[in-house]
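Worksheet: one structure, shown below.
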Amino acid sequence: MRKIKIGLFGFGVVGQGIHQVLGRSKNANAEIIGICVRNPDKPRAVAADRSLFTASPDAILDNPEVDLVVEVIDDAAASYDIVRRALLKGIPVVSGNKTMLARHLPELIAIQKENGVALLYDASSCGSIPVIRNLEEYYDNDLLLEVKGILNGSSNYILSRVFDHGADYADALRQAQELGFAESDPSFDIEGYDSLFKLVIITVHALGAYVAPERIFTYGISTIHDSDIRYAREKGVKIKLVAQVVKVSDECFTMFVMPEFVTPDKYIYSVDDEYNGVVIRGECYDRQFMFGKGAGSLPTASSILSDIMARLHDYRYEYKKMNFLQKPDYTTEITLRIYARYSETDVPHILRFDRIYEQYYSDDSNYVIADVSLSELLAKRDRLRSEDVFLANLTRFFQDRDC
């Protein structure tokens, strides 16, 4: 079997993990022949041949010996430039940059088709969980109804410390940062954007549809308060940050990211710490559950290795569902039942509720349980980002057999 020669972009946590897993794998049939980084002289925890390092992307992209580019840098703009240039040159790419992919996937799919070249990115969606390839191969039909889950390990770790260990939210966030599960600026994770970008990518393979990130309602956990945690505990539920895409009819689907009250009988209730969990539901096969580490050096690198091995057999995504004659359209004209906690911000006057089920007022905070359209939440999302407001979904899809 031929040996793949890799040009690696990025040698941070994931890049070093790739170097390690390639060294451990006896049947990888792949070797790194160049590593592009911003600072080749920077000391690194994982030792690699210093002669491999360069600061010039051209040194790799113009090297005729490179037959696979693996890109794991954290700069979305630079990632896009590298991936696009490689594909236009006919060099297949493995990428883990969810932000770049979610913003540019339609263009990159077109370049793949025009140039007969492959772009693989299973590591971009759920770390070690092979969601993309399963959606591409096993669920390559129109019976799929829903993909729902916990897609961000950092926020899940924080919420797990709160609900399973009684930690204060601020302490849990600080611990997540100390352990490297959350960045010094954790907003990308706790505001839901990491989950959003993953959901955009997943939806392309689940339903054959691309929806730009700015069209999707996204709400995080940064404003969660002791009163929200107390309310959840009184109801015997946990709060999880959940992303989901749901086929609401043969003609339409919807998608959103927001905190959710999860009951103990649901699969994702027991997904704790830095783990991810994804439930795939279909018309004839009910539910299938995938669980694993969603982040970290070696779990993500293992997913990258899987894509590298797939290229040994010339594997590429076929995007079969994008070619279906009847594809569902994206809609936000659906009704959600939400918990909205607020104090000074007058949420009931901001949102047009379809029906109110419960209201509570106190000196510290107020809340309302009510039905509201997703389009209304999307239209008012900027006004709902006040520090004294927290929203959570009370699931209504497939209530009798939900995730």
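The values are calculated or read from the model by the stated rules, or taken from the named source; none is laboratory data. Just so we're clear, the structure is a prediction, and the values are computed from it rather than from any experiment. A quick note on method: Cβ atoms are made from the backbone with ideal geometry, for glycine too, and the neighbour counts reach across all protein chains shown.
Step by step: first the residues of segment 375-384, then only those that are in contact (Cβ under 8 Å) with a residue 60 or more places away in the chain and surrounded by 15 or more Cβ atoms within 10 Å (Cβ to Cβ), then the one that is farthest from Tyr330 (Cα to Cα). Which residue is that? Let's see the steps before the verdict.
Residues of segment 375-384 in contact (Cβ under 8 Å) with a residue 60 or more places away in the chain: 377-378, 381, 384.
Among the residues that remain, those that are also surrounded by 15 or more Cβ atoms within 10 Å (Cβ to Cβ) are: 377-378, 384.
On the way: Leu377: 16, Leu378: 14, Leu384: 23 Å.
Among those residues, the one meeting the criterion is Leu384.
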Residues located in segment 180-197, provided they are in contact with a strand residue (DSSP E or B) (Cβ under 7 Å, 6 or more places away or on another chain), in a helix (DSSP H, G or I) and buried (at least 23 other Cβ atoms within 10 Å of the Cβ): Ser195, Leu196
Some residue of segment 288-295 being under 23 Å from the mean Cα position of the chain (by Cα) and outside any strand (DSSP E or B): yes
Cross-chain or 6+ apart pairs with Cβ under 6 Å, segment 177-193 first and outside the structural domain of Ala102 (by TED's automatic domain parsing), then among the β-branched types (Val, Ile, Thr) and modelled with pLDDT of 95 or more: Ile190/Ile221; Gly192/Thr218; Gly192/Val257
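Mind counting the residues in segment 205-218 that are assigned to a loop (DSSP other than H, G, I, E, B), among the aliphatic types (A, V, I, L, M) and under 22 Å from Leu145 (Cβ atoms)? Break it down into steps so the answer makes sense when it comes.
Looking only at segment 205-218, we keep the residues that are assigned to a loop (DSSP other than H, G, I, E, B), and these are 208-212, 216.
Subsequent filtering for residues that are among the aliphatic types (A, V, I, L, M) retains 209, 211-212, 216.
Narrowing the set further to residues that are under 22 Å from Leu145 (Cβ atoms) leaves 209, 211, 216.
Number satisfying all stated conditions: 3.
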Residue ID - nearest to Gly96 (Cα to Cα), chosen from residues in segment 129-184 that are over 18 Å from the mean Cα position of the chain (by Cα) and among the acidic types (Asp, Glu): Glu137
Members of segment 219-233 found to be touching a residue at least 60 places away in the same chain (Cβ under 8 Å) and either touching a strand residue (DSSP E or B) at 6+ places or on another chain (Cβ under 7 Å) or not basic (Lys, Arg) (or both), listed by number: Tyr219, Gly220, Ile221, Thr223, Ile224, His225, Ser227, Asp228, Ile229, Tyr231, Ala232
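Given the criterion in contact with a helix residue (DSSP H, G or I) (Cβ under 6 Å, 6 or more places away or on another chain) and more than 15 Å from Tyr330 (Cβ to Cβ), identify the matching residue among Phe217, Phe181. Give the steps one after another, and end with the answer.
Working: Phe217 fails: more than 15 Å from Tyr330 (Cβ to Cβ).
Of Phe217, Phe181, the one residue that is in contact with a helix residue (DSSP H, G or I) (Cβ under 6 Å, 6 or more places away or on another chain) and more than 15 Å from Tyr330 (Cβ to Cβ) is Phe181.
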Residues that are touching a helix residue (DSSP H, G or I) at 6+ places or on another chain (Cβ under 6 Å) and surrounded by fewer than 12 Cβ atoms within 10 Å (Cβ to Cβ), drawn from segment 353-374: none
Enumeration of residues in segment 321-335 that are among the charged types (D, E, K, R) and surrounded by 14 or more Cβ atoms within 10 Å (Cβ to Cβ): Lys321, Lys327
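Take the conditions surrounded by 22 or more Cβ atoms within 10 Å (Cβ to Cβ) and either under 29 Å from the mean Cα position of the chain (by Cα) or under 23 Å from Ala182 (Cα atoms) (or both) and apply them to Gly23. Does it pass?
Numbers: surrounded by 22 or more Cβ atoms within 10 Å (Cβ to Cβ): no; either under 29 Å from the mean Cα position of the chain (by Cα) or under 23 Å from Ala182 (Cα atoms) (or both): yes.
Taking the combined requirement at face value, the residue does not satisfy it.
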Hits in segment 129-142 - residues which are buried (at least 23 other Cβ atoms within 10 Å of the Cβ) and assigned to a loop (DSSP other than H, G, I, E, B): Ile129
Criterion: part of a loop (DSSP other than H, G, I, E, B), at pLDDT 95 or above and buried (at least 24 other Cβ atoms within 10 Å of the Cβ) - qualifying residue of Ile202, Ile221: Ile221
Search result, residues across segment 229-269 that are outside any loop (DSSP other than H, G, I, E, B) and either exposed (fewer than 13 other Cβ atoms within 10 Å of the Cβ) or among the charged types (D, E, K, R) (or both): Arg230, Arg233, Glu234, Lys238, Lys240, Lys247, Glu260
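Do we have Met290 as buried (at least 19 other Cβ atoms within 10 Å of the Cβ) and touching a helix residue (DSSP H, G or I) at 6+ places or on another chain (Cβ under 8 Å) here?
On the way: buried (at least 19 other Cβ atoms within 10 Å of the Cβ): no; touching a helix residue (DSSP H, G or I) at 6+ places or on another chain (Cβ under 8 Å): yes.
No.
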